[in-house]
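For reference, the structure is listed below as structure tokens.
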Amino acid sequence: MTKTRLCRLCGQPLELRGSRTARLTLCDDCRARILSRYTYRIEHHITGKETCCLVCGKPIPKGYNGYTTCSRACRTLLNSVTANYRKDRAANRLRQDKQDHPETYLPPKRVLSPLGRAEQEAREHGITYGLYMALKGGMAHDL
């Protein structure tokens with residue numbers, strides 16, 4: 001099913017195929033412009049306040065200090081356009097860390113819930129979870 005719609009930013013006609021996500025409601029030129037502005041800020045480590053919205057170019061209103069977009073709609077568009085770039089960048093950074101320091105690289109540790117931590121401590125002591133919790137809580141009698 002193919003529909004013809006207009007780009008949300010510039011008004012050029014575009015063809016939609018399938019899903020109607022925010023990313024698919026922008027033309028290729030607008031998507032490329034947004035992505036290039038976003039990647040420029042990331043690659044040049046620009047973290048300061050932005051005066052114009054990265055998506056639509058409107059001035060950012062007062063009270064939006066530190067934001068790069070002027071509204072929630074623009075923020076949604078920015079996130080949908082840059083999602084693949086952010087995923088690739090994170091994967092490349094992890095891959096580069098492994099290559100640069102193979103001897104000191106430690107994979108990120110899983111964050112365990114309190115229940116998971118208690119179960120892990122019981123395994124380290126060589127006892128069951130129930131017995132560990134009973135001993136920890138002072139409920140167990142002398143064994």
Which residues, counting only those in the range 50-70, are in contact (Cβ under 8 Å) with a residue 12 or more places away in the chain and hydroxyl-bearing (Ser, Thr, Tyr)?
-> Tyr67, Thr68, Thr69
Report, by residue number, each residue of the range 87-143 that is within 30 Å of Glu43 (Cβ to Cβ), modelled with pLDDT of 85 or more and acidic (Asp, Glu).
-> Asp88
For Thr51, work out the one condition from (1) at pLDDT below 90; (2) of a type in the set (Val, Ile, Thr); (3) surrounded by 11 or more Cβ atoms within 10 Å (Cβ to Cβ) it doesn't fulfil.
-> (3)
Does Arg86 satisfy being within 21 Å of Asp29 (Cα to Cα) and among the charged types (D, E, K, R)?
-> yes
In the set Thr47, Thr82, Thr69, which member is within 26 Å of Pro13 (Cα to Cα), assigned by TED's automatic domain parsing to the domain that holds Leu14, among the polar types (S, T, N, Q) and not in a helix (DSSP H, G or I)?
-> Thr69
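Yes/no matrix, rows are residues, columns are (1) exposed (fewer than 10 other Cβ atoms within 10 Å of the Cβ); (2) more than 30 Å from Leu26 (Cα to Cα); (3) among the small types (Gly, Ala, Ser); (4) over 34 Å from the mean Cα position of the chain (by Cα):
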position: Val81; (1), (2), (3), (4): no, no, no, no
position: Asp97; (1), (2), (3), (4): no, yes, no, no
position: Arg110; (1), (2), (3), (4): yes, yes, no, no
position: Pro114; (1), (2), (3), (4): yes, yes, no, no
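Please tell me if Leu26 is closer than 19 Å to Gly11 by Cβ, surrounded by 12 or more Cβ atoms within 10 Å (Cβ to Cβ) and modelled with pLDDT under 85.
Working: closer than 19 Å to Gly11 by Cβ: yes; surrounded by 12 or more Cβ atoms within 10 Å (Cβ to Cβ): yes; modelled with pLDDT under 85: yes.
When the stated conditions are applied, Leu26 passes them.
The values are calculated or read from the model by the stated rules, or taken from the named source; none is laboratory data. Quick caveat, the model's predicted, so the values are computed rather than measured. Here Cβ is always computed from backbone atoms with ideal geometry, including for glycine, and neighbour counts include all displayed protein chains.
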